[in-house]
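Accompanying notes for the structure given below.
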C-alpha cells in the first residue's frame, strides 16, 4: 500500500521535474558560440533592436490611416412653432454628408506612407549595421582577454620552471637563496597579473552578453580566434563607391529626400479644398384656418447639398513652404552624410593598413626569434652561464612582445570590423 502511494506521488511530481529540466537556460550547456552564432543571437535578442522592430506597427498604422476616407456626418434638425404661438407648425430634417478628396490627395498620402515604410526599413538595416560592428568588436575584445590569459598561463608555467631550477641549484650550492626568492616574486607577480586579466575578461564578457541581449544567469562560452589574413582585395576608391551604394543610413536619407518631394506635391494638392456632398430628407408641417376650421398640410422634400471652402486667403502656402524647407534640409543632411561616410571609410582603411604594417613587423622580425632567445637564455642559466636576472628579463620581454603581438592581431581585426561597418559590406563577401 505504501509503495503504491509513493508511486502515485512520484507520478505527480514527474511533470514538475520535467518542467524544471526544460526551463534550464539554452546557454547552460557547455557549448561554445562562434562569431556567426553570436551575431545571430544579437540580431534576435538585442533589446534596442527588438524595440525598434516593434515600431513597424506605427508605420503600418500610418499607412492604414492614409488610406481611410473621412467618416460621414449625420445631420439632424427639428423645429417647432410652439414657442411662437403656432403649435401646429413644425419641421424635421435628416441628412448625411460626406467629404470627398480632390486632386488625388488619398493616393498621394498613401505614397508618402509607403515612403515612410521604406525609410523605416533602411533605418532598421542601419541599426543592424551598427549593432554588428559593436557585437564583433565586443567579441574580439573577449577573444583578446582569453588569449591574454592563455599567455599568462604560459608565463606562470615558465616562472614555475625557473623556480624549480633555482631550487635545484640552491640545493647544489650553485646560487644564493636570493635568486630563488626572485623567482618566487616573479611567479607571484605573474599570478597576480592573471587575476587582473580575469577581471578584464569578466568585464568584456558582460559587455558582450549585454549587447547580445543574454538573460541574467545565462553565460555562454565564446569560441573564436583572430584571422591570420584579412583576405581584403579592394582598394580605397572601390570601398568608397561601395559605401555610397550599400550604406543603409545613406539610403534612408535618400528615401527621406524622395518623401520630401512627395510632401511638396501633397502640400500643393492640399491647396485645392475638398468638397462635401450632402443628401437630406426634410418634412415641413404647416397649419391653416379657413372658416373657423383649422387644417394641416405636410410636405416632404429631398435636398442635395454641396459645400467647398473658397481658397481666397489660404491656399496652403505655409504647407508648401514647410515641405520645401524639409526637403532642402534632407538634401543637406544627405550630402553631409555622404561626405562623412567617405571620411569614415578613409579613416578605417588607413587604420587597417597601419595595423597590417605593425603586424607584419611582428611576424617578420620579432616573433620568429623570440622563442629561440628564451630557450637559449633558460638553458644558459641552467648551465650557470648567465644570472637569473637575464632569465627574468628575457621572460618579461617574451611576455611583453607576445602581448603586443596579440594586441596587434586584435587591432587589425577591430580595424577590419570598423571598415566593414563603414562600407556596410563584409569584405570577405556578402552584405551586412
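Nothing in this text is a laboratory measurement; each read-out follows from the coordinates by a stated rule. Because the structure is predicted, anything quoted here is derived from the model rather than measured. All Cβ positions, glycine included, derive from the backbone under ideal geometry; neighbour counts span all protein chains shown.
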**Study point:** Shape parameters for the stretch 141-207, alpha-carbon atoms, Rg then Dmax in Å
**Key:** 15.4, 53
Check your understanding: On full extension of the chain, what length is gained from residue 281 through residue 178, given 0.36 nm per residue of separation minus the C-alpha to C-alpha distance?
Key -> 25.5 nm
**Study point:** Convex hull volume per residue in cubic angstrom - Cα atoms of the chain
**Key:** 336 Å³
**Study point:** GNM flexibility winner over the chain from 260, 67, 133 (Cα, springs under 10 Å)
**Key:** 67
**Study point:** For the stretch 198-298, alpha-carbon Rg over 2.2 N^0.38 Å
**Key:** 2.97
Revision key, fill the gap. Percent relative contact order for the chain, counting Cα pairs under 8 Å at least six residues apart, stands at 23 percent
**Study point:** Histogram of C-alpha separations across the stretch 359-399, 5 Å bin width, %
**Key:** 6, 26, 27, 19, 12, 7, 3, 0
Check your understanding: Any idea how far apart residue 198 and residue 74 come out in nm if each label point goes 7 Å out from Cα toward Cβ?
Key -> 7.6 nm
Exercise for review: May I ask you to derive the relative contact order of the stretch 56-101, considering only C-alpha pairs under 8 Å and at least 6 residues apart, and to give it as an integer percent?
Suggested key: 38 percent
Exercise for review: Over all alpha-carbon pairs in the stretch 208-257, figure out the percentage whose distance exceeds 14 Å.
Suggested key: 73 percent
Revision key, fill the gap. Between residue 393 and residue 215, the FRET efficiency computed from the C-beta separation at R0 = 51 Å comes out, to the nearest 0.05, as 0.60
Practice item. Within 10 Å, count the other beta carbons around each residue, average over each peptide in 215-221, 105-111, 126-132, 330-336, and list them highest first. Key: 126-132, 105-111, 330-336, 215-221
Exercise for review: Between 208, 49, 69, find the one with the highest GNM mean-square fluctuation for the chain; connect C-alpha pairs within less than 10 Å.
Suggested key: 69
Review point. If you take the beta carbon distance between residue 54 and residue 337 as r and set R0 to 35 Å, what does 1/(1 + (r/R0)^6) give as a FRET efficiency, to the nearest 0.05?
Key: 0.85
Revision key, fill the gap. Two pseudo-spin positions, 7 Å from Cα along C-beta at residue 324 and at residue 87, lie apart in nanometres by 6.7 nm
Exercise for review: Please give the FRET efficiency for residue 44 paired with residue 227, using the beta carbon to beta carbon distance and R0 = 25 Å, rounded to the nearest 0.05.
Suggested key: 0.50
Exercise for review: Taking only Cα atoms and a 10 Å spring cutoff, compute GNM fluctuations for the chain and point out the largest among 400, 385, 118.
Suggested key: 385
Revision key, fill the gap. Computed on Cα atoms, Rg of the stretch 276-432 relative to 2.2 N^0.38 Å comes out at 2.92
Exercise for review: Output the relative contact order of the stretch 52-197, whole-number percent, from Cα pairs under 8 angstrom with separation of 6+ residues.
Suggested key: 19 percent
**Study point:** Principal-axis tilt of helix 105-171 within the chain, Cα atoms, nearest 10 degrees
**Key:** 10 degrees
Revision key, fill the gap. Output ordering of 323-329, 410-416 (per-residue mean of other Cβ within 10 Å, highest first) is 410-416, 323-329
Practice item. Report, in deg cm²/dmol and to the nearest 500, the calculated mean residue ellipticity at 222 nm for the chain, where each DSSP H run with n ≥ 4 adds -39500 (n - 2.57) and the sum is divided by the residue count. Key: -23500 deg cm²/dmol
Practice item. Sticking with the crude label model, points 7 Å out along Cα→Cβ, report the distance from residue 114 to residue 361 in nm, one decimal please. Key: 5.8 nm
